[in-house]
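Structure first, commentary second.
The values are calculated or read from the model by the stated rules, or taken from the named source; none is laboratory data. Values in this document were obtained by computation on a predicted structure and should not be read as measured data. Every residue, glycine as well, gets a Cβ built from its backbone with ideal geometry; the counts of neighbours run over all protein chains shown.
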Ligand code: PMP
């Protein structure tokens, strides 16, 4: 059978729903650590990390061995029917890594959207309130509630009619675009004054570094003032660490660097190293508010995914990937700053740990997002064998999601390719 990218993409077009979009016209065949090989045998350097899933790289031998061992023992039983150890062990291990010296409990699900969805359910049950405050630029998922919470509605919610209610939006602080910490706090006060009183708000849900929204880290001062507002009004603070989690920012969870603690933390993506696992971890008394039967799901916390995640956590210790995340972040930032010195279209280089991005503005103007140049850079990089992903509400941010296990030579090669692309196009 014809197995070219073109022929498979033709079949894809005929068989797969149009709403499932695709950035690169490539069909992956196999992969290893930071490289992916397509069906025609062409090798690419993967700086998209499977959208933040592959902090431990593709096919980490330890993760694969753990899944293979689990395959020979137990692939599925619904955890609500019969318990199994990998689920319990993963909850114990996640609780150790979520910041906060208090008793914690954890719930496992399959996707980041479900994790956020469940965090909202728990927060509502714990407070007896329905409202949630979210932020401009936020991305929380594709279920109806998380779509309502997500800032960008096109294309995610286009044509889908009414979204669930009780979602109020405040401004995410962003110095580059003129939103100070004071402005952002004032926007929450405005929500309290005009939209919903604090006694009707169950949770404030925030990404400590916005992911899809453009890799903007929240200032520590903002997080501290958010925490104070939550304490003042009995509102729960939920950190959505789906994209920041599993060491991407140089600490296992980004909140470790924010000087305050969340009541509930959502995680997903890279915790499973390529296998679908997600969850909510938080204060035990809050997590226990929902009565038995109110949480869970048939596949939630599947044994194979739990085994993979437990191996990912071991790999982090053995290969000291948190330190590596900081080293990679510093190298990426330095390389991108050097590029910025030559190319004024790069209006910002920012990030936390290895969660690093550049933002592009027409003629160096941060108020004129240059999505066109960004798209051309992504396409040219792909032609040169480097897979990149953009983000941000205007699609003018290039994000680096390099596996933390990447070899130094490949990290340098990726930076060099990006440099060539800028030299040719910017
Ligand atoms: N929250 C955040 C911060 C995310 O980045 C994402 C995925 N991009 C989600 C939630 C949703 O995760 P999933 O795609 O696994 O449902």
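The strands (runs of 3 or more DSSP E) falling completely within the range 325-394 that include 1 or more residues that are within 23 Å of residue 31 (Cβ to Cβ) map to 355-360, 389-391. Restricting the search to the range 15-28, which residues are closer than 21 Å to residue 155 by Cβ and not in a loop (DSSP other than H, G, I, E, B)? Scanning the range 15-28 gives a single hit, 15.
Of the residues 214, 128, which is on the phi > 0 side of the Ramachandran plot and surrounded by 19 or more Cβ atoms within 10 Å (Cβ to Cβ)? One residue alone meets the criteria, 214. Quick check on the range 310-323. Is at least one of its residues more than 12 Å from the ligand (Cβ to nearest atom), closer than 26 Å to residue 126 by Cβ, modelled with pLDDT of 95 or more and not assigned by TED's automatic domain parsing to the domain that holds residue 406? Within the range 310-323 (the criterion being more than 12 Å from the ligand (Cβ to nearest atom), closer than 26 Å to residue 126 by Cβ, modelled with pLDDT of 95 or more and not assigned by TED's automatic domain parsing to the domain that holds residue 406), the answer is no, since none of the residues qualifies.
Among the residues of the range 190-200, is any within 16 Å of the ligand (Cβ to nearest atom), touching a helix residue (DSSP H, G or I) at 6+ places or on another chain (Cβ under 8 Å) and not in a loop (DSSP other than H, G, I, E, B)? No, the range 190-200 contains no residue that is within 16 Å of the ligand (Cβ to nearest atom), touching a helix residue (DSSP H, G or I) at 6+ places or on another chain (Cβ under 8 Å) and not in a loop (DSSP other than H, G, I, E, B). Residues that are within 12 Å of the ligand (Cβ to nearest atom) and either in a helix (DSSP H, G or I) or farther than 21 Å from residue 192 by Cβ (or both) were ranked within the range 141-151; the one that is farthest from the chain's Cα centre (by Cα) is 145. Which members of the range 142-155 meet the condition of being in contact (Cβ under 8 Å) with a residue 24 or more places away in the chain, surrounded by 15 or more Cβ atoms within 10 Å (Cβ to Cβ) and over 18 Å from residue 215 (Cβ atoms)? Result: 143, 145, 146, 149.
Results for (1) modelled with pLDDT under 95; (2) assigned to a loop (DSSP other than H, G, I, E, B); (3) more than 16 Å from the ligand (Cβ to nearest atom); (4) touching a helix residue (DSSP H, G or I) at 6+ places or on another chain (Cβ under 7 Å), shown as yes or no for each residue.
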site	(1), (2), (3), (4)
6	no, no, yes, no
30	no, no, yes, no
40	no, yes, yes, yes
44	no, no, yes, no
68	no, no, yes, no
74	no, yes, yes, yes
80	no, yes, yes, no
88	no, no, yes, no
102	no, yes, yes, no
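Among the residues making up the range 391-426, those that are free of Cβ contacts under 8 Å to residues at least 40 places away in the same chain and in contact with a helix residue (DSSP H, G or I) (Cβ under 6 Å, 6 or more places away or on another chain) are 394, 395, 396. Looking across 24, 32, 58, one residue alone is touching a residue at least 12 places away in the same chain (Cβ under 8 Å), farther than 23 Å from residue 280 by Cβ and crowded, with 21+ Cβ neighbours inside 10 Å. It is 58. If only residues of the range 351-378 that are under 23 Å from the mean Cα position of the chain (by Cα) and surrounded by fewer than 20 Cβ atoms within 10 Å (Cβ to Cβ) are counted, the one that is nearest to residue 54 (Cα to Cα) is 375.
Filtered by the rule that a residue be more than 14 Å from the ligand (Cβ to nearest atom) and in a helix (DSSP H, G or I), the range 104-140 gives 121, 122, 123, 124, 125, 126, 127.
The number of residues in the range 156-178 being touching a residue at least 60 places away in the same chain (Cβ under 8 Å) and part of a loop (DSSP other than H, G, I, E, B) comes to 0. Is it the case that residue 261 is surrounded by fewer than 24 Cβ atoms within 10 Å (Cβ to Cβ) and touching a strand residue (DSSP E or B) at 6+ places or on another chain (Cβ under 6 Å)? Answer is no for this residue.
Taken as a whole, the condition of being farther than 23 Å from residue 145 by Cα, out of contact with any strand residue (DSSP E or B) (no Cβ under 9 Å at 6 or more places or on another chain) and within 16 Å of the ligand (Cβ to nearest atom) does not apply to residue 178.
Scanning the range 395-417 for residues that are more than 18 Å from residue 346 (Cβ to Cβ), assigned to a helix (DSSP H, G or I) and out of contact with any strand residue (DSSP E or B) (no Cβ under 8 Å at 6 or more places or on another chain) gives 408, 409, 411, 412. Screening the candidates 158, 170 for the property of being more than 16 Å from residue 241 (Cβ to Cβ), more than 14 Å from the ligand (Cβ to nearest atom) and crowded, with 24+ Cβ neighbours inside 10 Å yields one hit, 170.
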